[in-house]
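Working notes, structure below.
The values are calculated or read from the model by the stated rules, or taken from the named source; none is laboratory data. Predicted model, so just to flag it, every value in this text is computed and none were measured. Heads up: the accessible areas ignore ligands, DNA and RNA and are worked out on the full protein's heavy atoms, side chains in. Shrake-Rupley method; radii C 1.70, N 1.55, O 1.52, S 1.80 Å.
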Amino acid sequence: MPSFQVIAVHRRMLLVRAADGSELPARARGRNQSVACGDHVTCEFDALHREWNVSGIAARRNGLYRSNSRGGSELIAANLTQLIVVIAPRPWADLFMVDRYLCAAHCSGMRAVILVNKSDLALQAQSDAELAAYEQAGFTLLRVSAHSGDLDSLREHLRNQTSILVGQSGVGKSSLLRALLPSCEAPVGELTGDEEGRHTTTVTRLHPLPGGGDLLDSPGVRDFAPAIDRLTGRALGFIEVERLGTGCRFSDCRHLREPDCAVRAAVENGNFSARRYESYRRLQRLVTRLRS
Ligand code: GDP
Ligand code: ZN
């Protein structure tokens, strides 16, 4: 049975890509067939309606989920390899949300990159120090400017990865997408060919990059909040907590008030950012509230 990758989703209408790069429309059938952009699927041709139908979804390597209004989680895309958190000197980032993105990436086995856009604008000293803390923790930081158009370092990181750009409104995600994908403004009409296709904003799409790799864009969820219930492990995806936690007295230490906690000790002697630690505690509280 022919196999494809889903590269666009609009309700039940999909665009799938074959191994040779050709694209064709397909349909997800049945209520329970939840197909996401990035999924690998098999399709069958329905000769009566002259269309391809999804007959199976391959096991996912991972899924990226957002919190929905009911406190649950909703799949945004599958099989992504890299999450790029875009921030800017103005508007300065809600770092708690940045941390939540980084945790979501780590918990779903994706590479995480912090992209500082608008580097033509000056950063405040405080913001500079906060970025240094991310670098000290081991995160990759890239500085670019969508306005200057010098995006080589970003392009290098995107090569052969399946990436998504996320971040709060106003940091320059659309500007970056336009610069990276100069010819992508594909209308949805092309995807569905019917009246359903006018709601362009709800389409999630995987765009092939000129240098190899794909970039996912989902205009409706560019600044989504990652789902809390998908943050796995005791460290909830905080790489420093994961690393330092092996030195705690108790193997089930939550690093809050327990004695001989290596994570708190690291905060006290400056080896773990106090702000990141506070962010960890806040996320723990959210998780506890959600699970109770
Ligand atoms: P989005 O909400 O994240 O998609 O952000 P937009 O791409 O819509 O950009 C928000 C604003 O920031 C717009 O006024 C852009 O012109 C501006 N902007 C984007 N990139 C840069 C940049 O590199 N430097 C400066 N100074 N402004 C930028
Ligand atoms: Zn501890």
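Worth pointing out:
- The figure for HIS40 is an accessible area of roughly 90 square angstrom, using a 1.4 Å probe on the protein chains alone.
- Three-way shape call for the range 74-183 based on the alpha-carbon gyration tensor, with the a/c threshold at 1.5: oblate
- Computed on protein heavy atoms with a 1.4 Å probe, the accessible areas place ASP152, ASP39, ASP229 in the order ASP152, ASP229, ASP39, largest first.
- Subtracting the Cα-Cα distance of THR140 and GLU268 from 0.36 nm times their residue separation leaves 43.6 nm of extension gain.
- Residue order by solvent-accessible surface for THR232, THR246 is THR246, THR232, largest first, with ligands and nucleic acids left out and a 1.4 Å probe.
- In the chain, Cα pairs under 8 Å separated by at least six residues give a relative contact order of 17 percent.
- Over the chain, the alpha carbon radius of gyration divided by the compact-protein estimate 2.2 N^0.38 Å works out to 1.09.
- The range 66-114: C-alpha gyration tensor shape, a/c 1.5 cut-off, then a/b vs b/c: oblate
- Prolate/oblate/rounded label for the range 247-289 (Cα gyration tensor, a/c 1.5): oblate
- Theoretical gain in end-to-end length, TRP92 to SER69 [0.36 nm per residue, Cα-Cα removed]: 5.7 nm
- The range 208-228 versus the range 247-278: alpha-carbon centroid distance in Å: 34 Å
- Largest-first ordering by accessible area, 1.4 Å probe, given options LYS118, LYS173: LYS118, LYS173
- Candidates ARG234, ARG155, ARG50, ranked by Gaussian network fluctuation over the chain, Cα under 10 Å, top entry: ARG50
- GNM top mover of PHE250, PHE238, PHE224 - the chain, alpha-carbon springs below 10 Å: PHE250
- Using the 1.4 Å probe convention, the accessible area of the chain works out to 49 Å² per residue with neighbouring protein chains retained.
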